[in-house]
1. Test LEU61 against the criterion of being in contact (Cβ under 8 Å) with a residue 24 or more places away in the chain and either more than 10 Å from the chain's Cα centre (by Cα) or in a strand (DSSP E or B) (or both), and give yes or no.
2. For segment 32-47, which positions are of a type outside the set (S, T, N, Q), within 14 Å of the chain's Cα centre (by Cα) and within 14 Å of the ligand (Cβ to nearest atom)?
3. Taking the stated definitions as given, is ARG85 within 12 Å of the chain's Cα centre (by Cα), of a type in the set (D, E, K, R), within 16 Å of the ligand (Cβ to nearest atom) and surrounded by 15 or more Cβ atoms within 10 Å (Cβ to Cβ)?
4. Kindly list the number of the only condition in (1) within 16 Å of the ligand (Cβ to nearest atom); (2) in a loop (DSSP other than H, G, I, E, B) that fails for VAL52.
5. Based on this model, can you work out whether ASP101 counts as farther than 14 Å from LEU14 by Cα and either within 15 Å of the ligand (Cβ to nearest atom) or not in a loop (DSSP other than H, G, I, E, B) (or both)?
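No lab work stands behind these numbers, since they all come straight from the coordinates. Quantities reported herein were computed from a predicted structural model and do not represent experimental measurements. Glycine also receives a Cβ, built like all others from the backbone with ideal geometry; neighbour counts cover every protein chain displayed.
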Amino acid sequence: MERGAPTRWHRIELEGDRALVEIDGETIAVFASEGRLHAVANACPHEGNPLVEGEILGDSLTCAYHGWRFDLETGACLFGDVPVRRFPVELRDGEIWVALDRE
Ligand code: FES
């Protein structure tokens, strides 16, 4: 996470195992998988299609459009060649909070 930048947290709610939220012009896809939370930029680095429609398998997310695959823990691109941006996400007292600051 960037140091020195203010962190602005926003409470969100999942629909099933995922959520799509817009915060200050950033559209963020949030996923719950195997007890962990992940938040990434919704626009796929390939052609900008919505990653929220992708398939989650453990810590990997496969874009529904052309199959680029990302490691949700690191943002690394496992199939394709551009990583996805991640955002901080936390569970606090049963509520899910996402921050706009980039990791
Ligand atoms: S837009 Fe995601 S793989 Fe092409």
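1. Working: in contact (Cβ under 8 Å) with a residue 24 or more places away in the chain: yes; either more than 10 Å from the chain's Cα centre (by Cα) or in a strand (DSSP E or B) (or both): yes.
It is true that LEU61 is in contact (Cβ under 8 Å) with a residue 24 or more places away in the chain and either more than 10 Å from the chain's Cα centre (by Cα) or in a strand (DSSP E or B) (or both).
2. Residues of segment 32-47 of a type outside the set (S, T, N, Q): 32, 34-41, 43-47.
Restricting the remaining residues to those that are within 14 Å of the chain's Cα centre (by Cα) gives 32, 36-41, 43-45.
Hits for segment 32-47 are VAL40, ALA41, ALA43, CYS44, PRO45.
3. Values: within 12 Å of the chain's Cα centre (by Cα): yes; of a type in the set (D, E, K, R): yes; within 16 Å of the ligand (Cβ to nearest atom): yes; surrounded by 15 or more Cβ atoms within 10 Å (Cβ to Cβ): yes.
So ARG85 passes the test.
4. (2)
5. It is false that ASP101 is farther than 14 Å from LEU14 by Cα and either within 15 Å of the ligand (Cβ to nearest atom) or not in a loop (DSSP other than H, G, I, E, B) (or both).
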